[in-house]
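The structure appears right after this line, and notes come after that.
Bear in mind that the values in this text are calculations on the coordinates, not laboratory data. The structure presented is a predicted model; accordingly, all values stated were derived computationally and were not measured. Here the Cβ positions follow ideal geometry from the backbone for every residue, glycine too, while neighbour counts run over all protein chains shown.
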Amino acid sequence: MKGFKDFLLRGNLIELAVAFIMAAAFATVVTATVDMIMDLLGAVGGIPDFSGYEPGGISVGAFLTALIAFLVMSAVVYFMIVTPYLKARELMDRDEPGEPTPVTEDVALLTEIRDLLAARGDRP
């Protein structure tokens, strides 16, 4: 029972649950945005849904609707989520000075050897 309690109270599980809930809520926003854009495309093109389109008796309308919805969703995700996130991340990285990377043991040893050789000069 203690192991199960530790599993439930582990920080990663809580973070994962919060991420899942936020993703589900955000999916609603993205879906609503895609629906709005699809309605606008339908108003411009006169047909909001291509499901009834069957040239030569082949049902390609549902595929076209799904393809257009996928492209619109991809554009919404990229231009409304990825691009602003990358720009914000770039600003944060520029504003915060980077921490110096810690020197590993082998680099410290090589630096010491270099300094000793430099102090020795041109002697063979």
**Message:** Just want to confirm a number: the relative contact order over the chain, from Cα pairs under 8 angstrom separated by 6+ residues, in percent.
**Reply:** 15 percent
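Quick one: order TYR85, TYR53 by neighbouring beta-carbon count within 10 Å, fewest to most.
Least to most surrounded, the residues fall as TYR85, TYR53.
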**Prompt:** At GLU112 and ALA32, where each label point lies 7 Å from the Cα along Cα→Cβ, what is the point-to-point distance in nanometres?
**Reply:** 6.3 nm
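Work out the FRET efficiency for ALA19 and LEU41 from their Cβ-Cβ distance, taking R0 = 30 Å, and round it to the nearest 0.05.
0.40
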**Prompt:** Which of PRO100, PRO55, PRO84 moves most in a GNM of the chain, Cα contacts under 10 Å?
**Reply:** PRO100
**Prompt:** In region 2-117, with Lys and Arg counted as +1 and Asp and Glu as -1 at Cβ, which of these residues, LEU71, PHE4, ILE14, has the Cα nearest the positive end of the dipole, that is, farthest along it?
**Reply:** PHE4
**Prompt:** Taking only the alpha-carbon positions of the chain and ignoring solvent, what does the Debye formula give for the base-10 log of I(q)/I(0) at q = 0.12 Å⁻¹?
**Reply:** -0.80
**Prompt:** Highest GNM mean-square fluctuation, the chain, Cα pairs closer than 10 Å: which of ALA24, ALA108, ALA43?
**Reply:** ALA108
**Request:** Considering only GLU112, GLU90, GLU54, give the residue with the highest GNM mean-square fluctuation for the chain, with springs between Cα atoms whenever their separation is below 10 Å.
**Result:** GLU112
